[in-house]
Amino acid sequence: QVQLVESGGGLVQAGGSLRLSCAASGRTFNSLAMGWFRQAPGKEREFVAQISRSGDNTYYADSMKGRFTISRDSAKNTVYLQMNSLKPEDTAVYYCGAARTLSPSTLPDEYTYWGQGTQVTVSS
C-alpha cells in the first residue's frame with residue numbers, strides 16, 4: 001500500500017510560481033511512475049505531467065510544456081511539480097498519482113494510488 005500526501009498549493013497571482021510536493025509512504029517508491037493531474041470544477045481530471053520510475057523520462061501535457069517541471073527525489077520519496085508563469089486557467093485541485101506501468105501513463109485509470117489533492121488558485 002502506498003499513501004500520497006500533496007502540499008504546496010495556494011493562491012498566487014497570474015505570472016507567479018508555485019512548487020507542489022507529493023510525499024509517498026512505503027518502500028516501493030522507486031518502482032512507481034509518478035504523475036500529476038488536475039481537476040477544475042465541473043471538468044474531468046486532466047493529465048499534467050508524469051515522471052518515470054528512474055526519473056530519466058518525463059512527459060507533459062502540451063499546455064504545460066515549458067511552464068511546468070516534474071522531478072523526483074528518491075531519497076525523500078517525494079515528487080515535485082514546479083509551476084511557473086501560472087495562468088488563471090491553471091486553477092484547479094492538483095492530484096498526485098502513482099502508477100505501476102512502464103509506459104507513459106496519461107489516463108487516470110492507469111494510476112493505482114492517489115493523494116487527496118491540493119488547491120491551486122491563480123488570480124488575474
(request) May I ask you to derive the FRET efficiency for Ser63 and Arg100 from their Cβ-Cβ distance with R0 = 35 Å, giving the value to the nearest 0.05? (result) 0.85
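Rg over Rh of the chain, using C-alpha atoms and the Kirkwood radius, what does it come to? Each step should come with its number before you reach the end.
Numbers: Rg = 13.3 Å, Rh = 14.2 Å.
We get a ratio of 0.94 for the chain.
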(request) Would you mind working out the accessible area per residue for the chain, using a 1.4 Å probe, and quoting it in Å²? (result) 51
(request) Can you send over the solvent-accessible area of Arg19, 1.4 Å probe, protein chains only, in Å² to the nearest 10? (result) 130
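What GluC sites (Glu not before Pro) does region 1-97 have in DSSP loop regions with at most 13 other beta carbons within 10 Å?
Details: sites: Glu6, Glu44, Glu46, Glu89; in loops: Glu44.
The qualifying sites are Glu44.
The values are calculated or read from the model by the stated rules, or taken from the named source; none is laboratory data. From a predicted model like this one, the values you see are computed outputs, not experimental measurements. Ideal geometry is used to build each Cβ from the backbone, glycine not excepted, and the neighbour counts take in all protein chains shown. Heavy atoms of the whole protein, side chains included, go into the accessibility calculation; ligands, DNA and RNA do not. Shrake-Rupley method; radii C 1.70, N 1.55, O 1.52, S 1.80 Å.
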